[in-house]
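S.K.: Please find one structure pasted underneath; my questions will follow.
The values are calculated or read from the model by the stated rules, or taken from the named source; none is laboratory data. Here the structure is a predicted model, which means the values were calculated and not measured. With ideal geometry, Cβ positions are generated from the backbone for all residues, glycine too; neighbour counts draw on all protein chains shown. Note: accessible area is taken over every heavy atom of the protein model, side chains too, but ligands, DNA and RNA are not part of it. Shrake-Rupley method; radii C 1.70, N 1.55, O 1.52, S 1.80 Å.
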Amino acid sequence: MSASAPQLTQSDISAEIDAAHAAYTDAVAGGEPPRHHPARDYAPYRSSALRHPKQPLVPLLDPEAAELSGPVFGHTDITPLDQDLTRRHTGEPLGERITVTGRVLDRDGRPVRGQLVEIWQANSSGRYAHQLDDHPAPLDPNFTGVGRCLTDDEGRYSFTSIRPGPYPWRNHLNAWRPAHIHFSLFGSAFTQRLVTQMYFPGDPLMPYDPIIQAVTDDAARQRLVAAYDHDLSVPEWSLGYRWDIVLDGPSATWIEEGR
């Protein structure tokens, strides 16, 4: 979505990204451990300076109170229709139909079962079905871009959707976000929610995007990009992408911490 900021150029932002990556490389070469998550006040991502926590976290006096007041999700709340974003309306959505599937794993590669996975995304024109999205691209009356499912016994999730389009945002002059899908995962409690983004392979906008480039570790950044998997493509129906989510450990998927 849009965020106001000074009219810096893409060259300005690219120079800041290059400087941040060089500083990270030098720090690791100097003996600092690799950092798989970005700095919360990553300068090229302008709004992070306003959105990240600046004060120490405040511990809850009664942690169980937060669990009792949070939403409750059960198996009966979710139907197979929830994971097919192309069948939520009477008409056919516009765009390239895709299947996205993968596994949710712990640091030791074990499946995380029965976890709620939610997604939300822009439509094929790069516009969200949200009142605050003022991007002058067409809305699709047959696509609202939200879905959810529970992981199975192998930790697997699956969605059928439409490939989202890129869209402009006001981080800097002529800023465009690469195509991406937002993912939300709930653990055994509401306060364990994790949020991240999945990108598509070969997207030419990724090198220019300060959000994905905020992940200065190249290996960690590549873990945010799905892999095209022809075996997952459904004949005459959809193209298949595989994207696994690792919750913790050295191979963890980047989580939008404090953003």
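Residues checked against (1) assigned to a loop (DSSP other than H, G, I, E, B); (2) touching a strand residue (DSSP E or B) at 6+ places or on another chain (Cβ under 7 Å); (3) not acidic (Asp, Glu):
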| position | (1), (2), (3) |
| --- | --- |
| Asp108 | yes, no, no |
| Gly114 | yes, yes, yes |
| Ala129 | yes, no, yes |
| Phe143 | yes, yes, yes |
| Arg148 | no, yes, yes |
| Asp152 | yes, no, no |
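S.K.: Looking only at residues in the range 4-35 that are open to solvent by less than 60 Å² (accessible area, probe 1.4 Å) and in contact with a helix residue (DSSP H, G or I) (Cβ under 9 Å, 6 or more places away or on another chain), which one is farthest from Ile255 (Cα to Cα)?
M.R.: Leu8
S.K.: Would you please name the residue that is farthest from Leu116 (Cα to Cα), looking only at residues in the range 204-238 that are outside any helix (DSSP H, G or I), free of Cβ contacts under 8 Å to residues at least 60 places away in the same chain and open to solvent by less than 20 Å² (accessible area, probe 1.4 Å)? Quick ask: steps written out before the conclusion?
M.R.: Here is the first cut: in the range 204-238, the residues outside any helix (DSSP H, G or I) are 204-205, 209-211, 215-217, 223-229, 233-238.
Keeping just the survivors that are free of Cβ contacts under 8 Å to residues at least 60 places away in the same chain gives 204-205, 209, 223-225, 227-229, 235-236.
So of that shortlist, the ones also open to solvent by less than 20 Å² (accessible area, probe 1.4 Å) come out as 209, 224.
Values: Asp209: 29, Leu224: 19 Å.
Among residues in the range 204-238 that are outside any helix (DSSP H, G or I), free of Cβ contacts under 8 Å to residues at least 60 places away in the same chain and open to solvent by less than 20 Å² (accessible area, probe 1.4 Å), the one farthest from Leu116 (Cα to Cα) is Asp209.
S.K.: Still on this model: When Gly126 is evaluated against the numbered criteria (1) open to solvent by 40 Å² or more (accessible area, probe 1.4 Å); (2) modelled with pLDDT of 90 or more, which criterion, by number, is the only one it fails?
M.R.: The number of the failed condition is (1).
S.K.: Also, I was wondering about something else. When the residues of the range 177-202 are narrowed to those that are at pLDDT 95 or above and open to solvent by 20 Å² or more (accessible area, probe 1.4 Å), which ends up nearest to Gln10 (Cα to Cα)?
M.R.: Step one: list which residues in the range 177-202 are at pLDDT 95 or above, which gives 177-183, 197-202.
Add one more test, that the residue is open to solvent by 20 Å² or more (accessible area, probe 1.4 Å), and what stays is 182, 201-202.
Numbers: His182: 24, Pro201: 22, Gly202: 20 Å.
Restricting to residues being at pLDDT 95 or above and open to solvent by 20 Å² or more (accessible area, probe 1.4 Å), the top hit is Gly202.
S.K.: While we're here: For the range 137-151, name all the residues that are in contact (Cβ under 8 Å) with a residue 40 or more places away in the chain and either out of contact with any helix residue (DSSP H, G or I) (no Cβ under 6 Å at 6 or more places or on another chain) or open to solvent by less than 20 Å² (accessible area, probe 1.4 Å) (or both). Walk me through it before giving the result.
M.R.: Residues of the range 137-151 in contact (Cβ under 8 Å) with a residue 40 or more places away in the chain: 140-151.
If the condition is that a residue be in contact (Cβ under 8 Å) with a residue 40 or more places away in the chain and either out of contact with any helix residue (DSSP H, G or I) (no Cβ under 6 Å at 6 or more places or on another chain) or open to solvent by less than 20 Å² (accessible area, probe 1.4 Å) (or both), then Asp140, Pro141, Asn142, Phe143, Thr144, Gly145, Val146, Gly147, Cys149, Leu150, Thr151 are the ones that fit.
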